[in-house]
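Accompanying notes for the structure given below.
Laboratory data are not the source of any read-out in this text; all were calculated from the coordinates shown. Here the structure is a predicted model, which is why all the values come from computation and not from measurement. A quick note on method: Cβ atoms are made from the backbone with ideal geometry, for glycine too, and the neighbour counts reach across all protein chains shown.
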Amino acid sequence: MIKIIIFALVNHKKNIAFHTLGCKLNFSESSSIANELIHKGYSIVDFKEQADIYIIHSCSVTNNADKKTVSAVRQAHRKNPEAHIALLGCYAQLKPDQAAQIDGVDVVLGNTEKFDLFKYLNELNGENKKIVHSDDFKNNLAFVPTYSSEDRTRSFFKIQDGCDNFCAYCTVPLARGRSRSNSIKDTIEVFKKIAETEMKEVVLTGVNIGDFGKKNKENLLDLLKELDKINGIERLRISSIEPDLLPDEMIEFILQSKKILPHFHLQFEIVVCQ
């Protein structure tokens, strides 16, 4: 009987629940992190259910976003006071010490470290020792491509991250670092993996995808031209792009593409001569 009990404990499959706040970029990243955990043996359950581990993927664009993050942590802690809670994302990046003080939080990971969540979960033990990692982006500007897979018809594909504008009112460069992306070649390889699934539509997302490729001396238009050739995806959308990063050539290409959905409306002015 003792051997049977030990065997059951060793093979216990931990339930893990995600709650994602903020932009589609966060949802894309949550999906990829969740898929990795599934492959590592975790079982994903709804956030409203009782779980062994709760993952809060936070937003910190506004004070209201911070309040929603804290509220989600408290909700998870009430659901299961014995559960571990990991707080990821922008709130954890910008306010790691404050995040670590929230009752119930065991793990605080910034926007770089969150992709190593599995490693940090394995470091959890019964000593109630908090794990806090939230380094700045000065020495680490790695780019991690992600895509969502929960929806059978649409996937949010992260092709760019960060921002170089440093507007006075915006915390994005501090929360996500400078603008960066993979090469067109590497981006296409990930896109082909999505095309092999049941997905029919892909939404290209990022902080500002109009900046795609500039560190590699590439650009978004050249990427769109290559993605337009790939079979398996019927519809392609773009998001999070600044108007000043939309050259006429890109608008013209999108208008004639049969795969990229129309994002622009031509406006005609009728002048009546008297």
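The table below lists the values:
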{"item": "Nonlocal amide H pairs with ILE260, under 5 Å, H built at 1.01 Å", "result": "LEU236"}
{"item": "Estimated FRET transfer efficiency (GLU36, LEU255; beta-carbon r; R0 35 Å; 0.05)", "result": "0.35"}
{"item": "Cα radius of gyration and Dmax for the stretch 146-256 (Å)", "result": "14.0, 42"}
{"item": "Listed candidates (1) 92, 42, 40; (2) 55, 40, 32; (3) 55, 44, 36 - label of the one calculated as Cα extents along the principal axes in Å", "result": "(1)"}
{"item": "Charge context of ARG178, other residues only, Cβ under 12 angstrom, K/R +1, D/E -1", "result": "+1"}
{"item": "Amide H contacts of PHE212 (H built 1.01 Å from N, under 5 Å, at least 5 apart or other chain)", "result": "LEU220"}
{"item": "Label-to-label distance, nm, for residues given as LYS138 and ARG78 (7 Å Cα→Cβ offset)", "result": "4.2 nm"}
{"item": "Sparse-neighbour loop sites [chymotrypsin sites (Phe, Trp or Tyr not before Pro); the stretch 157-239; at most 14 other C-beta within 10 Å; DSSP]", "result": "PHE166, TYR169"}
{"item": "Rule-of-thumb Rg ratio for the stretch 2-133 [Cα; 2.2 N^0.38 Å; N residues]", "result": "1.03"}
{"item": "When each of LYS79/LYS193; LYS67/LYS215; LYS24/LYS225; LYS40/LYS200; LYS68/LYS114 is checked by Cα-Cα distance, pairs over 26 Å", "result": "LYS79/LYS193; LYS67/LYS215; LYS40/LYS200"}
{"item": "Shape of the stretch 74-166, Cα gyration tensor, a/c cut at 1.5", "result": "oblate"}
